[in-house]
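Contents: one structure, followed by commentary.
The numbers here are math on the coordinates, done by the rules we state, and not lab data. Since the model is a prediction, treat every value here as computed from it, not as a measurement. When we count neighbours, we look across all protein chains shown, and the Cβ atoms used for this are built from the backbone with ideal geometry, even at glycine.
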Amino acid sequence: MPTSAIVCTNCGRGYPPKGFPYQCTKCGGLFDFSAPLKFDASRFEPSEPGIWRYRHTFGLPPDTEPVSLGEGNTPLVRVKAFEREIYFKCEYQNPTGSFKDRGSSLIAAWLKLRGMAEAVEDSSGNAGASFAAYATRAGIETRIFIPASASGPKRKQIEAYGAELVPVSGSRSDVAESVRRVAGGRVAYASHAWLPFNLPGYATAAYEIFEQLGERMPRAVIVPAGQGGLLLGLTRGFSSMRVAITTTTNVPKMVGVQARLCAPLWALSIAGREGLGFVAENETLAEGVRVRNPLRGGAVLEAVARSGGFFATVDEEEILPGRDALGRLGFYVEPTSAIVWSALCQTIHELPDPVVVILTGSGLKYG
Ligand SMILES: [Zn+2]
């Protein structure tokens, strides 16, 4: 059974064959895949929609119906900068305007496979909009819980997909608590942070980068990190590809980028557990990576360390100039996504070619 490969990372219990729990029903632990992803170029299926070309890596039964809006296959654009050639992976060109679509496609497919008719999510950002779109494709009723103060284009986008918005007064954790109270039974909590199903989706961006570089592994990848799911998925993708092509090239150095005002992964990576003492959850323009306690923090830290990479932080006053610098190259991204520019400026001189920078979210949604 494909689901036997998903286990609780705390007690080892397998993901149950029925239902859709977001955490281990025995100990409250986090689920993850028990074995590395397996990429096999001979099983590539070009006629499948979007990222489903790589469906053999997803861990889903072979007859699972794809839930797709044509996600993936985003451009990799080569730019001359810093007297080098830098590659930008335009994930903001996904169907709902962010990389999250690669994960939502798989979460929605799992929900459908498990016969779930209703799902809840607690994001007013890219994850909420992306999930609303894919859930609607899968015929699943969706309620998105958001802070009452949230407004703007993302809220409109979520409603346009037919999802019900449930405003909750209080903090972000009050919103998360409200969602957890209604989850259970026939109502699935489709959390991008808790569930592991989205990670093989993010890995497909790694397969594409390899192909777009002319069957070459990048040597360094710069990516924003909040929960760190995208970073983790990419690393798993590159690792599985490395095994599949039996290359002696290592996986790329992963550079995780955080806003300095909320940078727990960076703090832990430089100071160990004592680093937690100086982690704050301040307001930042990069709200998409404002996560004080990343659920898979341990796995993300390990992935970065094993790749020979590191974490970088970006000061608040560097974020909007970074967005403008990217704009002048033809890339229109949101502030969270733009933190990679400052990280690139800080670290380019210590990174080997080819360097790939991930642009995660569209600027059209910001305002
Ligand atoms: Zn457990």
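Panel note: the C-alpha atoms of the chain, placed on their principal axes, show extents of 56, 49, 41 Å (largest first).
Using the empirical formula 2.2 N^0.38 Å as the baseline, the Cα radius of gyration of region 63-220 reaches a ratio of 1.14. Length gained on full extension, SER171 to GLU141: 8.3 nm, using 0.36 nm per residue less the C-alpha separation. Values of log10 I(q)/I(0) for region 146-236 across q = 0.15, 0.18, 0.23, 0.25 Å⁻¹ run -0.81, -0.98, -1.19, -1.25, by the Debye formula with one identical scatterer at each alpha carbon and no solvent. Legend: P(r) of region 226-367 from all alpha carbon pair distances, 10 Å bins from 0, whole percents, reading 12, 41, 35, 12, 1. Counting lysine pairs in the chain that sit 8 or more residues apart in sequence, or on different chains, and whose Cα atoms lie under 19 Å apart gives 12. Sorting the segments 270-280, 105-115, 210-220 by their residues' average number of neighbouring beta-carbon atoms within 10 angstrom, most packed first, yields 105-115, 210-220, 270-280.
Candidates GLN157, PRO66, PHE88 compared by Cα position along the dipole of region 62-191: farthest toward the positive end lies PHE88, with charges placed on Cβ.
In whole angstrom, region 216-302 maps to an equivalent ellipsoid with semi-axes of 27, 13, 10, each derived as √(5λ) from the alpha carbon gyration tensor and ordered largest first.
Using the Kirkwood radius built from alpha carbon pairs, what does the Stokes-Einstein equation give as D for region 142-183 at 20 °C and 1.002 mPa s, in µm² per second? Approximately 204 µm²/s, per Stokes-Einstein.
Translational D (Stokes-Einstein, µm²/s) of region 1-151 at 10 °C and 1.306 mPa s when Rh comes from the Kirkwood sum over C-alpha pairs? List each step's numbers first, then the result.
Values: Rh = 17.3 Å.
It comes out at roughly 92 µm²/s.
Only loop residues by DSSP count here, and only those with at most 16 other Cβ atoms within 10 Å; note down the trypsin sites (Lys or Arg not before Pro) in region 1-75 that meet that.
Working: sites: ARG13, LYS18, LYS26, LYS38, ARG43, ARG53, ARG55; in loops: ARG13, LYS18, LYS26, LYS38.
Answer by residue number: ARG13, LYS18, LYS26, LYS38.
Distance between the pseudo-spin-label points of PHE278 and ASP353 (7 Å out from Cα toward the beta carbon): 3.6 nm. Centre-to-centre separation between the Cα atoms of region 325-367 and those of region 53-82: 21 Å.
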